[in-house]
Amino acid sequence: MGALDPLFTPLQIRGLTLRNRFVMPAMQRGFMEDGAPSKRMVEYLRRCAAGGVGLVICESTSPDHPSGYWAPVIGRLDAGTLPAWKQVIDAVHAEGAKVFIQLWHPGVMRKVAEHHPLARFPTLSPSGLIQANRPHGRAMNPSDLDELRNAYVRAALDAQELGADGVEIHAAHGYLMDQFLWSETNRRDDRYGGTTLAQRARYPAEVVAAIRAAVGADFPLSLRFSQFKEVDYGATVAGSPDELHEFVQLMRAAGIDMFNVSSRRYAKPEWPESHHPDWSIADWTRSFADAPVMTTGSIGLNVEMFANLFDDKDPDETPVERDLLELARRAQQGRIDLVGVGRMHIANHDFVNKVREGRFSEIALFRKQVHLADLGEAIASEEPGFVEQARKNAAPD
Ligand SMILES: Cc1cc2nc3c(=O)[nH]c(=O)nc-3n(C[C@H](O)[C@H](O)[C@H](O)COP(=O)(O)O)c2cc1C
């Protein structure tokens, strides 16, 4: 048996079988046209699927609600975009991979220009806060909460009806669902706020449960979450293993089948003072979940994504083999199940095939300037203020 075999064995999620453990995580690229996947995007994702990956998670996509997007390059799931989404799904399936659509809402991170027609719709979030003392938009009221829950359900049903293999609820990186989870952005005094993570997770859990009730028992639902935020790299939502445990149980009970745990560096120990000093947040999550867990963050790269994309610090080393050996070891030990390879998939659409065939010397390094055309407006549209704030709060590592 080869050392990387644990990453090449199939994995079952509910009734779905993935051909291996490699995932292309959601990456907003600016290839959407009026909210719909363009021909370029269909072809791009088809090539990635042909490159050997087991699961493609399509980029962050807003449910049909005017507070969920602000530019034509941002994906939407609504009546007008469904035929293009069908082309993505069919193209990925034709190459033997599976496909999830990531359901996302920016919440307070929406960047609509003052005179844009969409600006007449309010920017919505749990408490109208970007961070503790940075107000923006307004807090969601009960009818906003109902409307958005229904929009998520409709989007998940649309994805299911189109033939997607699952959906992922994006509750990471400081976007709407994560704004509920984080104590700095959730200051609500109704049943959706509170001092514990389990209390703040109530609305996201209700959305998950409503989706589960609509799509039935067999349709896989993934939850992506992270400790870090785009506006604060050092943020935490789960302050302790116990808090994480409660959160994982709550989400499992609501209907989550898989956890996509996003980190800036996959190997970073989460609680070094604990009895598992080397466990990452993904390892901890796996220890509490009787469900598959995916890890992400700088796999095969020596520079994490924010320093790379926002500070123009390019990786100069590709520790692909070393990282994958370590991840295979963790998979073998039952600490993780899936690996999300982001930027290295941008640089190598056939990353997985190269690894399988041992062609490590052919794996190209991701470089921002070289791959700028593939990053599109996702990076160009970052508002400087947000990034500066993140830098200020950047963890020293
Ligand atoms: C250009 C770009 C766009 C991204 N867009 C999304 C997104 O739409 N949804 C999401 O959950 N994460 C997004 N991410 C984060 C990636 O999914 C992934 O977690 C991150 O790139 C770290 O993995 P890596 O170090 O292998 O690149 C994006 C990353 C990049 C580079």
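The values are calculated or read from the model by the stated rules, or taken from the named source; none is laboratory data. This structure is a prediction, so every number in the text was calculated from the model and none was measured. Cβ coordinates were reconstructed from backbone atoms using ideal geometry, including for glycine residues, and neighbour counts include every protein chain displayed. For the accessible areas, the whole protein counts, side chains as well, though only heavy atoms, and no ligand, DNA or RNA atoms are used. Shrake-Rupley method; radii C 1.70, N 1.55, O 1.52, S 1.80 Å.
So that you can scan it fast, the table gives a plain yes or no per residue for (1) crowded, with 20+ Cβ neighbours inside 10 Å; (2) not basic (Lys, Arg):
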residue	(1), (2)
THR9	no, yes
ARG19	no, no
PRO37	yes, yes
ARG40	no, no
ASP64	no, yes
GLY68	yes, yes
LYS86	no, no
ILE89	yes, yes
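Inspect all residues belonging to the range 341-359 and state whether any of them is modelled with pLDDT of 85 or more, on the phi > 0 side of the Ramachandran plot and either of a type in the set (Gly, Ala, Ser) or near the ligand (Cβ under 10 Å from one of its atoms) (or both). Yes, that holds for at least one residue.
Please determine whether any residue of the range 274-290 is among the small types (Gly, Ala, Ser) and within 14 Å of the ligand (Cβ to nearest atom).
Just the residues of the range 274-290 that are among the small types (Gly, Ala, Ser), to begin with: 274, 280, 282, 287, 289.
Checking the rest, the ones that are also within 14 Å of the ligand (Cβ to nearest atom) come to 280, 282.
Among the residues of the range 274-290, at least one is among the small types (Gly, Ala, Ser) and within 14 Å of the ligand (Cβ to nearest atom), which makes the answer yes.
For the range 46-61, the set of residues classified as open to solvent by less than 10 Å² (accessible area, probe 1.4 Å) and more than 11 Å from the ligand (Cβ to nearest atom) consists of CYS48, ALA49, GLY51, GLY52, VAL53, GLY54, LEU55, VAL56, listed by residue number. For the range 121-135, check the following and say yes or no: at least one residue is more than 16 Å from the ligand (Cβ to nearest atom) and on the phi > 0 side of the Ramachandran plot. Yes, the range 121-135 has at least one match. Determine whether VAL23 is in a strand (DSSP E or B), out of contact with any Ser or Thr (no Cβ under 6 Å at 6 or more places or on another chain) and of a type in the set (A, V, I, L, M). Judged against the criteria, VAL23 is a match. Here ARG367 passes the criteria (1) buried (at least 20 other Cβ atoms within 10 Å of the Cβ); (2) under 22 Å from the mean Cα position of the chain (by Cα); (3) more than 10 Å from the ligand (Cβ to nearest atom) except the one numbered (1). Filtering the range 245-255 for residues that are at pLDDT 95 or above, aliphatic (A, V, I, L, M) and within 16 Å of the ligand (Cβ to nearest atom) leaves an empty set.
Look at the range 22-38: where a residue is among the charged types (D, E, K, R) and a partner is open to solvent by 20 Å² or more (accessible area, probe 1.4 Å), sitting 6+ places away or on another chain with Cβ atoms under 6 Å, you get ARG29/GLY376; ASP34/PRO72. Go through the residues of the range 249-265 one by one and say whether even a single one is open to solvent by 10 Å² or more (accessible area, probe 1.4 Å) and touching an Asp or Glu at 6+ places or on another chain (Cβ under 6 Å). So far as the range 249-265 goes, yes, one or more of its residues are open to solvent by 10 Å² or more (accessible area, probe 1.4 Å) and touching an Asp or Glu at 6+ places or on another chain (Cβ under 6 Å). Scan the range 161-176 and report the pairs whose first residue is over 18 Å from ARG149 (Cα atoms) and whose second residue is away from the ligand (no atom under 13 Å from the Cβ) and in a loop (DSSP other than H, G, I, E, B), with Cβ atoms within less than 7 Å and a gap of 6+ or a chain change. Between residues of the range 161-176 that are over 18 Å from ARG149 (Cα atoms) and residues that are away from the ligand (no atom under 13 Å from the Cβ) and in a loop (DSSP other than H, G, I, E, B), the close pairs are ASP165/PRO220; GLY174/VAL231.
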